[in-house]
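The structure appears right after this line, and notes come after that.
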Amino acid sequence: MKTMTKSLCRSSLLSGLHHWLRLQTLLLKCLRVFTCGAGSAMLIIGCATQSNTAVQPVQTDANPYSLVNRITWGASTSAVQDYSRLGWQQYVTDQMHPRSSALVPAIQEQIDSMTIT
């Protein structure tokens, strides 16, 4: 009888814990939706309001490393050299519209022969 009672208590405790965890998960999901919705609303409100400050132009005569680091995934020596060689306008244009790089034909054939399932 005691074993059966312990087993029922343990089962009830686990069931209660399972329900608590499901409720906690649901509450966290609701909180995420609420905060995302509130964040979106704040973003929209922020976009709708006018600012009294003028947009500041990029200072292209600033430290090249800082500029390249700001507009790329991180400055490298070759990226800073490209920036210095090309100038601000051409460097940004090249970043926004990269040239396509062709693969070795054998590799391209392997990729083309693959199927998506």
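The values are calculated or read from the model by the stated rules, or taken from the named source; none is laboratory data. Because the structure is a prediction, the values reported are computed rather than measured. Reconstructed Cβ throughout: ideal geometry from the backbone, glycine too, with neighbour counts over all protein chains shown.
Among the candidates Leu23, Leu67, which residue alone is surrounded by 10 or more Cβ atoms within 10 Å (Cβ to Cβ) and either modelled with pLDDT of 80 or more or within 24 Å of the chain's Cα centre (by Cα) (or both)? Residue meeting the stated conditions: Leu67.
Taken over region 85-98, residues that are more than 12 Å from Thr72 (Cα to Cα), in a helix (DSSP H, G or I) and without any contact (Cβ under 8 Å) to a residue 24 or more places away in the chain amount to 5.
Okay, residues lined up against (1) loosely packed, with under 11 Cβ neighbours inside 10 Å; (2) aliphatic (A, V, I, L, M):
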| site | (1), (2) |
| --- | --- |
| Ile71 | no, yes |
| Ser76 | no, no |
| Leu86 | no, yes |
| Gln90 | no, no |
| Gln95 | no, no |
| Ser100 | yes, no |
| Ile107 | yes, yes |
| Ile111 | yes, yes |
| Ile116 | yes, yes |
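The single condition from (1) out of contact with any Asp or Glu (no Cβ under 7 Å at 6 or more places or on another chain); (2) assigned to a helix (DSSP H, G or I) that Ser101 fails is (2).
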